[in-house]
Amino acid sequence: MLSAVQELIKSVTAHFEAYDLVRASRELIEFVNQFSTWYLRLSRDRIKDPTQIETSQVFGYALYTVAQLMAPIAPFFSELVHQTLVDESSSIHLTDWPKFSPEFYNSTLNLEMAVVKKLVEAAHGERKLAGVKLRQPLASVTLTTTKPLKLTAELEPIIAAELNVKTIIWQIQAETEVETEVAPVFDIQLTPELRAEGEARELMRQIQNLRKAAGLKPGELAVVTVPAWPEVWQTEIERKTNSQLKIGSELALVAAR
């Protein structure tokens with residue numbers, strides 16, 4: 001995220017200095033889209049964790065920097081962000097222009113994160129075509145690229161979490177042999193363990209929906225009746241949903257305390 005923000009500062013500043021407002025606007029719109037649909041999704045668990053202060057600081061920095069860069073073309077929105085995040089008595093239009101920080105910049109990371117994003121989007125499409133829900137974990141996915149990623153160790157956990165797979169198998173082919181950088185192939189054979197994990201995740205989603213509909217606060221314990229559940233996952237289900245499971249004829253929230 002920090003490296004992506006530095007790339008944005010560098011490119012948007014260059015476009016403004018060249019009086020190219022169209023390209024500057026496009027860069028900002030693209031970043032906002034990635035911020036809301038990609039980076040927030042990758043960090044949702046850390047954002048919810050009150051102990052992850054650094055995560056909140058990084059996202060606050062990114063949002064505020066975007067507001068500063070947008071100030072010349074979206075003055076009122078930028079001012080709203082400034083007054084909400086910082087200080088209602090000051091103005092974003094009186095702040096210094098964001099400076100590029102080379103210590104936070106990693107061009108390789110930016111390029112390979114873009115490849116990962118493209119890979120994940122293509123793989124989500126493949127899962128949808130195969131009729132396999134994202135909540136259902138799978139054993140593996142084979143990813144075909146034209147060259148190996150330099151930051152595989154750092155990026156592979158992101159890919160595995162986003163695609164909900166246990167293992168990633170990499171396959172390298174020459175550029176002339178493939179039309180795109182990635183060609184994901186999932187192993188969709190479900191073992192009893194994978195099927196149980198998928199059922200547990202689906203049940204967690206349903207319980208969270210029940211909690212939301214009932215207006216329960218995160219600290220309130222929900223007593224939920226369920227016809228059946230994977231017993232090996234009971235502790236995890238109850239921990240993640242802050243609930244107590246009981247056998248019942250149907251899925252229902254019967255009490256809260």
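The values are calculated or read from the model by the stated rules, or taken from the named source; none is laboratory data. What you see is a predicted model, and the numbers here were worked out from it, not measured in a lab. Every residue, glycine as well, gets a Cβ built from its backbone with ideal geometry; the counts of neighbours run over all protein chains shown.
Overview of results
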read-out: Residue match in the stretch 59-78 (condition: exposed (fewer than 12 other Cβ atoms within 10 Å of the Cβ) and of a type in the set (S, T, N, Q)); value: no
read-out: Any chance Glu88 is of a type outside the set (A, V, I, L, M), part of a loop (DSSP other than H, G, I, E, B) and farther than 22 Å from Ile159 by Cα; value: yes
read-out: Residues of the stretch 125-152 that turn out to be part of a loop (DSSP other than H, G, I, E, B) and either of a type outside the set (Ser, Thr, Tyr) or under 19 Å from Leu190 (Cα atoms) (or both), as a count; value: 12
read-out: Neighbours by Cβ (under 7 Å, 6+ apart or cross-chain): first from the stretch 213-236, assigned to a helix (DSSP H, G or I); second not acidic (Asp, Glu); value: Ala214/Leu253; Ala214/Ala256; Val232/Ala196; Trp233/Ala196; Trp233/Ala200; Gln234/Leu245; Glu236/Ala200
read-out: Single residue of Lys118, Lys128, Lys147 found to be basic (Lys, Arg) and more than 21 Å from the chain's Cα centre (by Cα); value: Lys147
read-out: Test result for Pro230, closer than 30 Å to Gly125 by Cα, surrounded by 15 or more Cβ atoms within 10 Å (Cβ to Cβ) and at pLDDT below 90; value: no
